[in-house]
Amino acid sequence: MLKVEGVSKSYRRNGWLGGERQQVLRQVHLEWNRGESLGIIGESGSGKSTLGRLLLGIEKPDQGSVTWNGRPVTDRRVRRGTISAVFQDYTSSIHPFYTVRQALLEPLKLVGGQPDTKDMGKLLRQVGLDESYMDKYPHELSGGEAQRVCIARAVSSAPQCILLDEAISSLDGSVQMQVLELLKQLKESSGMGYIFITHDIQAAAFLCDRIMIVCSGEIVETVATPQLRHVQSEYAKELLRKVIS
Amino acid sequence: MKLLEKLMKDRLAAASLAVVAATLLIGLCAPLVAPHPPNEANMELRFAGASWTYWLGNDHLGRCILSRLIYGIRPSVLWVLAALGAAACFGAALGFIAGYFRGRIDAVLMRICDVMLSFPGYVMTLAIVGMLGAGLTNILLAFVVMKWAWFARVIRTTVMQYADADYVKFAKVLGIGHLGIMKRHIALAALPEISVIASSSFGSMILQISGLSFLGLGIEAPHAEWGMMMNEARSVMFTRPELMLAPGLAIIVVVSAVNFLSDALQKVLDPKLAVSGKRASVRIGGMLRGLRKKEAA
């Protein structure tokens with residue numbers, strides 16, 4: 001279980017020498033349970049991506065803790081093989097000098113596997129690609145293909161949780177739907193869960209069991225997806241109204 | 001080996017590599033290759049023209065020009081390469097640390113670099129040489145002192161660009177250590193840019209050391225150095241231009257070869273540029289075929 005307790009985070013406005021600090025997250029609490037899909041939604045600048053980086057353990061909070069089964073996620077041994085990620089910018093998500101094969105090999109080797117071409121072919125087929133993509137470089141792939149490779153790479157180490165940080169935002173409408181379908185299908189077949197950070201409520205509602213609404217670094221409301229129409233806070237109501245209109 | 005194979009496919013790159021490799025090899029094996037001792041004066045052969053014994057003729061002291069040209073590779077190219085290596089390694093290490101870790105360490109290192117870069121480079125080199133005295137060691141020391149900050153600044157910017165990329169974030173999520181990320185993910189991606197920066201500096205450092213020797217601040221007589229050879233030939237520039245042309249052409253050829261090689265190296269190392277290069281050559285090939293067909297018609 002991934003647990004966030006009283007997490008706060010701030011950054012200096014003008015680099016290290018700048019005196020003033022900007023508070024990005026304030027006293028955030030959340031729990032993610034195995035197999036669950038949790039959506040974190042909010043407008044740009046609300047602190048979603050900062051929360052994502054803290055959940056992934058690649059940044060340390062100023063206050064509070066982020067733990068995986070009681071152990072801090074900032075310890076890289078805890079993350080290895082348990083948490084993975086798919087990011088927004090598919091153009092910079094794969095090492096520019098790596099082929100698809102090399103990109104897939106990296107996580108597989110780290111979890112101690114002895115991967116062969118067959119395993120990697122299977123991974124690619126899982127995300128709707130085939131072996132012909134194996135020796136392609138990222139700049140030879142379309143946006144949808146690159147994001148599928150990123151998903152295959154994230155799935156390859158068989159993690160229990162994948163954090164999707166605006167993973168469909170930079171894709172075309174039709175490709176967004178294909179990727180969402182693929183993620184849903186992967187969840188059903190492998191039993192892993194997602195933390196889906198997005199500003200797209202409809203996409204979150206499609207993929208997630210539970211949705212958490214973030215505003216100005218604070219969690220405003222958490223609601224089960226079927227209850228999304230019955231949110232209580234004014235901010236959440238306003239956000240929904242914008243989508244419906 | 002793969003890199004070499006790819007380089008060999010580009011004719012200009014192969015020729016440049018051959019020139020650079022031959023220059024370095026001849027410089028290293030100078031005592032074996034040079035036909036005469038470089039400092040052996042023979043006043044009877046003063047300003048003698050080319051002959052079978054002295055292929056490029058003799059200078060104002062009757063010394064063999066070809067032998068001096070060969071020995072001149074050592075200070076002009078080999079020692080410059082060593083100074084460049086020292087400055088680039090030191091600057092790259094600090095640039096990597098600053099660009100990757102950011103924060104306090106970046107701020108401190110970059111302020112030091114700002115101070116170093118606020119001195120005009122050539123003037124500072126002259127000042128250091130003035131304080132420590134003329135000579136190759138002092139010039140090379142001045143180069144390292146003045147160049148490391150520039151390398152650190154430029155490499156830090158390149159590293160920052162890659163350190164922010166999502167594939168580096170993914171590597172962190174996977175639990176790869178900082179050193180592993182710097183080595184496999186950042187250094188590899190930044191290598192084409194670093195090679196261009198280093199090679200362009202190499203060219204300019206060869207020119208600078210030759211310039212300083214030309215002014216009499218470089219290597220001390222009677223040792224051979226290309227800039228100094230040009231200075232010595234200055235008085236007979238119009239009557240015996242070949243004395244100035246030989247070291248001058250050597251500088252032009254080596255600096256051009258280094259620049260061409262660095263461009264080719266960047267193309268070979270970066271798969272994106274390799275693809276665009278292939279596409280461009282296919283397009284040019286197509287255009288040429290089209291033109292030939294038109295001509296035939």
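The values are calculated or read from the model by the stated rules, or taken from the named source; none is laboratory data. In this text, all values refer to a predicted model and were calculated from it rather than measured experimentally. Please note: Cβ atoms are built from the backbone with ideal geometry, for glycine as well, and neighbour counts cover all protein chains shown.
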### Message
Pairs please, first residue from the range A:68-96 and in contact (Cβ under 8 Å) with a residue 24 or more places away in the chain and among the aliphatic types (A, V, I, L, M), second anywhere and buried (at least 19 other Cβ atoms within 10 Å of the Cβ) and not in a helix (DSSP H, G or I), Cβ atoms under 6 Å, 6+ apart in sequence or on different chains.
### Response
A:VAL73/A:GLY57; A:VAL73/A:VAL66; A:ILE83/A:PRO159; A:ILE83/A:CYS161; A:ALA85/A:LEU56; A:ALA85/A:LEU163; A:VAL86/A:LEU164; A:VAL86/A:ALA167
## Note on the structure
For strands (runs of 3 or more DSSP E) lying entirely in the range A:1-95, having 1 or more residues that are in contact with a Leu (Cβ under 8 Å, 6 or more places away or on another chain) and over 28 Å from A:LEU186 (Cβ atoms) picks out A:2-12, A:21-32
### Message
For the structure I just gave you, tell me whether A:LEU54 is under 21 Å from A:LEU164 (Cβ atoms), more than 16 Å from the chain's Cα centre (by Cα) and either acidic (Asp, Glu) or more than 10 Å from chain B (Cβ to nearest Cβ) (or both).
### Response
no
### Message
Quick test of your reading of the structure: B:SER235 fulfils all but one of (1) modelled with pLDDT of 85 or more; (2) assigned to a helix (DSSP H, G or I); (3) under 20 Å from the mean Cα position of the chain (by Cα). Name the failing condition by number.
### Response
(3)
### Cβ pairs under 6 Å, 6+ apart, first in the range A:136-160 and over 21 Å from A:GLY193 (Cα atoms) and more than 10 Å from chain B (Cβ to nearest Cβ), second among the aliphatic types (A, V, I, L, M) and surrounded by fewer than 20 Cβ atoms within 10 Å (Cβ to Cβ)
A:GLY144/A:VAL175
### Query
Only one of (1) over 25 Å from the mean Cα position of the chain (by Cα); (2) free of Cβ contacts under 8 Å to residues at least 12 places away in the same chain is not met by B:HIS185, so which one is it?
(2)
### Query
In the range A:207-245, what residues are touching a residue at least 24 places away in the same chain (Cβ under 8 Å) and surrounded by fewer than 15 Cβ atoms within 10 Å (Cβ to Cβ)?
A:VAL243
#### Entry: Any hit, the range B:22-41, residues being under 18 Å from B:LEU249 (Cβ atoms) and surrounded by fewer than 15 Cβ atoms within 10 Å (Cβ to Cβ)
yes
### Message
So for the range B:78-95 (the condition being farther than 12 Å from B:ALA152 by Cα, crowded, with 16+ Cβ neighbours inside 10 Å, among the β-branched types (Val, Ile, Thr) and more than 14 Å from chain A (Cβ to nearest Cβ)), does at least one residue qualify?
### Response
yes
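A quick yes/no check of all residues on (1) more than 14 Å from every other protein chain (Cβ to nearest Cβ); (2) more than 22 Å from the chain's Cα centre (by Cα); (3) within 30 Å of B:TYR54 (Cα to Cα):
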site: B:ALA189; (1), (2), (3): no, no, no
site: B:GLU220; (1), (2), (3): yes, yes, yes
site: B:GLY227; (1), (2), (3): yes, no, yes
site: B:PRO247; (1), (2), (3): yes, no, yes
site: B:VAL254; (1), (2), (3): yes, no, yes
site: B:LYS267; (1), (2), (3): no, no, no
### Query
What do you reckon, is B:SER213 in contact with a Gly (Cβ under 6 Å, 6 or more places away or on another chain) and either closer than 21 Å to B:LEU24 by Cα or polar (S, T, N, Q) (or both)?
yes
### Task
Look at B:GLY175 and say whether it is within 30 Å of A:ILE162 (Cα to Cα) and either within 11 Å of chain A (Cβ to nearest Cβ) or of a type outside the set (A, V, I, L, M) (or both).
yes
